[in-house]
Amino acid sequence: MSQNILFLAHVDESGKALPKAAYEALGAALDLATQVGGALTIGIVGGDIQAAANTVAAAGAPIVGVAGPEFAHPGYSSDSAAVEAICREVSAEVVLAPATSRFLRVLPGVAQRLKGQVDTHITSIESADGAISAKRWLYRQRLEAVIQRQARPWFLLLDSGCHEAWCAAQAAAQVKMIAMALDSNARRTAYVGVRVPNADAQTIRPDAKLLFVAGAGWCKKQADGKTHLPEAETTILQFLQNAGASLGGSKSLVDQTGENQAVLGFMTHLNQVGQTGSTPRHPKGLSTCCHGEEPHVVGWRFIKERRAVNLDPNCGWARGKADVLYVADAFQVIKKLNALLAARQAEKMPETAIHA
């Protein structure tokens with residue numbers, strides 16, 4: 001039985017496109033519409049949505065939008081009103097959306113208003129014999145749940161990195177605009193701005209090609225019988241800056257903070273990989289001074305290439321958990337990498353200056 005499928009997205013910070021995760025969710029929505037034989041509609045929310053709509057016009061689905069200055073930035077009252085209006089306009093039965101922070105805050109409330117159901121952190125969607133099934137991980141990625149619901153509308157928020165992004169040339173989009181007039185209660189919250197840390201202070205980079213994970217070995221006594229925390233911090237931060245990598249930490253390392261032990265000053269539980277429900281999806285991973293314990297490796301299940309540096313040739317990474325294991329001192333290896341990366345950047349500087 002065919003169902004009305006709505007793909008929902010919001011304009012990104014540039015105002016000219018959709019978030020990267022939205023194009024992945026659109027690919028999943030197109031696949032689902034083909035499987036169930038349903039009608040797909042694209043809904044977009046933003047300040048000015050025409051440029052973003054042009055990027056998905058080639059998908060061939062009708063586009064419905066809500067636009068205006070009050071929808072340019074995230075706001076629960078404004079976004080929920082816009083999404084509800086779009087859902088009612090197209091009589092949506094199944095709503096697919098990217099699991100962005102903006103929609104994760106809003107769509108559960110909209111589902112309640114429309115007497116529907118919502119499921120978040122979905123990793124895949126498929127249909128068999130007319131029944132739609134959604135999958136997600138539970139219990140720290142040890143169990144995979146298959147979800148089916150009779151309630152409609154059914155809202156599904158897809159995690160990024162789980163589907164190939166839809167891509168096509170831009171075209172002129174015909175957008176059916178829905179006129180929205182927010183009352184005073186929906187305009188009580190004012191957008192002021194965004195504060196972000198300096199680039200050199202940012203250690204969590206979801207779009208980085210490399211995940212660098214530090215283990216407790218960085219804080220332990222080295223060959224000379226002493227700890228070298230300042231040296232460890234400088235070495236790791238230089239590598240993150242030179243390689244543009246994202247920082248992860250083993251559970252044993254981040255737990256040392258609560259045990260009043262010496263730790264890396266920039267490492268927090270937000271960096272922890274394994275036993276937290278986090279599933280990093282970087283193309284490559286480099287683990288240093290970690291033992292490759294099972295919970296840590298579970299957090300790496302979606303990383304395609306795994307390498308590790310450890311002085312112990314019998315560590316957990318050596319037992320089939322790493323594609324490549326370097327039996328070496330992580331301090332020396334990362335220092336050497338920093339020197340090589342710095343030299344490569346120095347070679348590129350004259351060329352960059354000429355083009356500038």
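Let's see how each residue does on (1) crowded, with 18+ Cβ neighbours inside 10 Å; (2) modelled with pLDDT under 95:
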{"residue": "SER2", "(1), (2)": "no, yes"}
{"residue": "LEU8", "(1), (2)": "yes, no"}
{"residue": "LEU18", "(1), (2)": "yes, no"}
{"residue": "ALA28", "(1), (2)": "yes, no"}
{"residue": "ASP31", "(1), (2)": "no, no"}
{"residue": "ILE44", "(1), (2)": "yes, no"}
{"residue": "ALA57", "(1), (2)": "yes, no"}
{"residue": "GLU70", "(1), (2)": "yes, yes"}
Q: Kindly list, by first and then second residue, each pair from a residue in the stretch 24-51 that is hydroxyl-bearing (Ser, Thr, Tyr) to a residue that is assigned to a helix (DSSP H, G or I), limited to pairs with Cβ atoms under 8 Å and residues at least 6 apart or on different chains.
A: THR41/VAL90
(Q) Given (1) within 18 Å of VAL95 (Cα to Cα); (2) over 18 Å from the mean Cα position of the chain (by Cα), identify the lone condition not met by LEU26. (A) (2)
Q: Working only within the stretch 280-305, note down all residues that are within 17 Å of LEU240 (Cα to Cα) and in a strand (DSSP E or B).
A: LYS284, GLY285, LEU286, SER287, THR288
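Matching residues to (1) under 25 Å from GLY130 (Cα atoms); (2) basic (Lys, Arg); (3) part of a loop (DSSP other than H, G, I, E, B):
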| site | (1), (2), (3) |
| --- | --- |
| ALA53 | no, no, no |
| ALA58 | no, no, no |
| ALA61 | yes, no, yes |
| VAL64 | no, no, no |
| SER78 | no, no, no |
| ARG88 | yes, yes, no |
| ALA92 | yes, no, yes |
| LEU96 | yes, no, no |
| VAL106 | no, no, no |
**Q.** Residues located in the stretch 308-340, provided they are in contact (Cβ under 8 Å) with a residue 60 or more places away in the chain and polar (S, T, N, Q)
**A.** ASN310, ASN338
**Q.** Residues of the stretch 155-182 that turn out to be under 19 Å from GLU24 (Cβ atoms) and not polar (S, T, N, Q), as a count
**A.** 14
Q: For the stretch 110-134, name all the residues that are under 20 Å from ALA9 (Cβ atoms), without any contact (Cβ under 8 Å) to a residue 40 or more places away in the chain and surrounded by 15 or more Cβ atoms within 10 Å (Cβ to Cβ).
A: LEU114, GLY116, VAL118, ASP119, THR120, HIS121, THR123, ALA134
Q.
Among the numbered criteria (1) at pLDDT 95 or above; (2) in a helix (DSSP H, G or I); (3) under 21 Å from LEU18 (Cβ atoms); (4) in contact with a helix residue (DSSP H, G or I) (Cβ under 9 Å, 6 or more places away or on another chain), which one does ILE125 miss?
A. (2)
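The values are calculated or read from the model by the stated rules, or taken from the named source; none is laboratory data. In this text the structure is predicted, and so the values were computed from the model without any measurement. Heads up, the Cβs are rebuilt from the backbone with ideal geometry, glycines too, and the neighbour counts pull from every protein chain shown.
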